[in-house]
Amino acid sequence: MLTEKQIQALKPKEKDYVMSDGRTARGEGVLVLKVRPNGTKEFYFQRHVGGRKVMSKLGSWPDMKLTTAREKSRGEKEIKLSPGTLQDLIDSYVNKLETEQAASASDVKWSLNHYVSKSFPDLVRRPASLVGPAEVRNIIAKMINDGITTYCNRVRSQLHAAFQMGLEQEFNPRSYLDVKVKFGLISNPVASVPVQGDWEQPGDRALSPDELATLWQMLPEHLSLVTSELLKFLIASGGQRPEQVLATERGQYFDDHLIIRNKKGRGIDGERSLHVVPYNKLMRQCLKTMNEVNENSAFPFEGKAEGKGLHTQSLSRAVTKLYSRHKKEFNGPFTLRDIRRTCKTLMGVAGMSKELRDRIQGHAFNDVSSKHYDRYDYFKEKKAGLLRWSTWLQKNVLDAPTKNK
């Protein structure tokens, strides 16, 4: 067994090495001391779970004495671990979204892989039950240190939803016995990590008609064809959510409308509600252009990867870069998120009621009548509204004189 004097005498080597504090019964785990090349000495509780070695940091010597480390180690032995890792939890959550055909599935898969799995490979191999608020904090802190702001809250939200799914899966009295991978969760560690509220102020940027005209008319020259036509389609359709349009496969585009699975609302039996969007002239022109490129692609607005739609992040970056290159042409900064607000605002200028604009954009109506009794699809009203919007765009955006003319 280790002693304070032995620990003090341990010298650093070229690589990390570990000293064990005696032996314990198989499967119980053991207290170890890791000595790093810089001389740092750290206490860990080490055990094997599902054939993998798992180490949980207890503290650093000499701030933590050996007696305290042993007490913490005894407490760790009482924790019964399930083999499900954080990566298993992430995969399970993404699979759930894909099974439900959630529009956000590809974005969630990309961001959790990019900001969690690739950035913290050791962490995702750890049992999910050993991931605490400190580990979640470190994930978000790294993003902040890398200069990422609002998207930190998106990743936090995605992790919160993943852990919540694991919790509900664990304690659902109807299905917990059917679950193959157990996570052993008793709480959601993300709940203790605060949202960065100052980065979540409601946006108020909406482009003026002149700015929208400038943006529309510079698209073909300054962005790729797919990105240009997609942005035009989003504007012409009244500001649909880009992640939902990009997740909609070609089979959901019909002769006079497309059907979007709306992640913002659920219908009977938990099914994702369907949002029907009628076409207008400008929308048809965008689809015709994309069909001339490839009418057999899985998605009308396909990205570089065959069989996959353009990624929302790619579109967002393209819009941000477009503004940064042409700042003098606009009254101030704008992002992809501001396009939806712009359409909502200018459809009002075009004389459309707020209720009709909400229905065109697929907003959920939460009054009792709408939620439980109103099953009318408002197709006729939305079609008339989008035709009116198309006419307004033609006059005030497409045919308007701009600084570029």
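Residues in segment 216-240 that are over 22 Å from LYS281 (Cβ atoms) and of a type outside the set (S, T, N, Q): GLU221, HIS222. Looking only at segment 323-334, residues that are of a type in the set (Phe, Trp, Tyr) and either surrounded by fewer than 11 Cβ atoms within 10 Å (Cβ to Cβ) or touching an Asp or Glu at 6+ places or on another chain (Cβ under 7 Å) (or both) come to 1 in all. Of the candidates GLY265, GLY239, the single residue that is outside the structural domain of ASP107 (by TED's automatic domain parsing), under 29 Å from GLU98 (Cα atoms) and modelled with pLDDT of 85 or more is GLY239. Taken together, the residues in segment 225-265 that are free of Cβ contacts under 8 Å to residues at least 24 places away in the same chain and among the polar types (S, T, N, Q) amount to 2.
Using the structure shown, decide if THR149 is under 27 Å from ALA247 (Cα atoms) and surrounded by fewer than 19 Cβ atoms within 10 Å (Cβ to Cβ). Here the answer is yes, as THR149 does meet what is asked. Can you find a residue that is among the polar types (S, T, N, Q), under 23 Å from the mean Cα position of the chain (by Cα), modelled with pLDDT under 90 and more than 30 Å from VAL54 (Cα to Cα) anywhere in segment 156-174? No, that holds for no residue.
Scanning segment 122-155 for residues that are assigned to a helix (DSSP H, G or I), under 18 Å from the mean Cα position of the chain (by Cα), polar (S, T, N, Q) and farther than 20 Å from SER56 by Cβ yields THR150, ASN153. Note on segment 308-322: residues that are assigned to a loop (DSSP other than H, G, I, E, B) and surrounded by 20 or more Cβ atoms within 10 Å (Cβ to Cβ) amount to 1.
From the list ALA298, ALA305, the lone residue that is surrounded by fewer than 16 Cβ atoms within 10 Å (Cβ to Cβ), hydrophobic (A, V, I, L, M, F, W, C), modelled with pLDDT under 90 and touching a helix residue (DSSP H, G or I) at 6+ places or on another chain (Cβ under 7 Å) is ALA298.
Checked against (1) under 38 Å from the mean Cα position of the chain (by Cα); (2) at pLDDT 85 or above, MET19 passes all but condition (1).
Test SER119 against the criterion of being in a helix (DSSP H, G or I), within 23 Å of GLN313 (Cβ to Cβ), among the polar types (S, T, N, Q) and modelled with pLDDT of 90 or more, and give yes or no. No. Just to be sure before I move on: is VAL245 touching an Asp or Glu at 6+ places or on another chain (Cβ under 8 Å), buried (at least 20 other Cβ atoms within 10 Å of the Cβ) and in the same structural domain as PRO278 (by TED's automatic domain parsing) in the structure I sent? No: the conditions fail for VAL245.
The values are calculated or read from the model by the stated rules, or taken from the named source; none is laboratory data. It should be emphasised that the depicted structure is a prediction, and the values quoted were computed from it without experimental measurement. Reconstructed Cβ throughout: ideal geometry from the backbone, glycine too, with neighbour counts over all protein chains shown.
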